[in-house]
1. Any idea what the alpha-carbon Rg over 2.2 N^0.38 Å comes to for the chain?
2. What nm value, rounded to one decimal, do you get for the distance between ARG13 and ASP46 when each label is placed 7 Å out toward the C-beta?
3. Give me THR40, THR20 ranked fewest to most by other Cβ atoms within 10 Å of their Cβ, as a rough exposure proxy.
4. In what order do MET71, MET1 fall by count of nearby beta-carbon atoms within 10 Å, going from fewest to most?
5. Dipole of region 4-132, Cα-centred, from +1 at each Lys and Arg C-beta and -1 at each Asp and Glu C-beta, to the nearest 20 debye?
6. Using the number of other C-beta atoms within 10 angstrom as an exposure proxy, rank PHE34, PHE9 with the fewest first.
7. Below 8 Å between Cα atoms, with a sequence gap of 6+, how large is the relative contact order for region 4-132 in percent?
8. Net charge near VAL125, counting Lys/Arg +1 and Asp/Glu -1 over other residues with Cβ under 10 Å of its Cβ?
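What follows draws every value from the coordinates through simple rules; no lab data is involved. A quick note: this is a predicted structure, and the numbers were derived from the prediction, not measured. Ideal geometry is used to build each Cβ from the backbone, glycine not excepted, and the neighbour counts take in all protein chains shown.
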Amino acid sequence: MVSNQEREFLSGRRVAYLATADARAVPHVVPVCFALSGETLYVTIDEKPKRTTGMPLKRLRNIAENPAVAMVVDRYDEDWSRLAWVELRGQVSIEPVGPALEALAERYPQYRAEPPPGPLLRLAVSDAVVWSAGER
């Protein structure tokens, strides 16, 4: 589902925007760090200083109710002919931190220094939508 051109675009971006929705379809969007491995995209949950004690993050509550998500990775430039984005859609599962953390630590040295406690979000990509104003 994810082409080599899309992989190259994703590898050059540092931040994605994860969109979840609860059972009533109320949307919630947050910026996240990510790593793509094969057709699977991983996002880790790291320490959140604003987390209410004992209360899971809104994105985790939403995924438990509705595992369908979308993630957008974009490139903004003052030269609007360089604008581009990739949207990945699929189903997310919540998993304990495991080997996928290596792919995230490879992209983000902060995770090597302080491994996140998790969990990991595992997005099985079922669809990719690409848009570009010009070059990719």
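1. Ratio of Rg to 2.2 N^0.38 Å for the chain: 1.06.
2. Calculated label separation equals 1.9 nm.
3. On the way: THR40 16, THR20 26.
In increasing order of surrounding Cβ atoms, one gets THR40, THR20.
4. Details: MET71 24, MET1 12.
So the ranking, lowest neighbour count to highest, is MET1, MET71.
5. 440
6. Ranked by crowding around the Cβ, least crowded first: PHE9, PHE34.
7. About 29 percent, as a whole number.
8. Values: positive: ARG89; negative: GLU6, GLU39, ASP127.
Overall, the nearby charge balance is -2.
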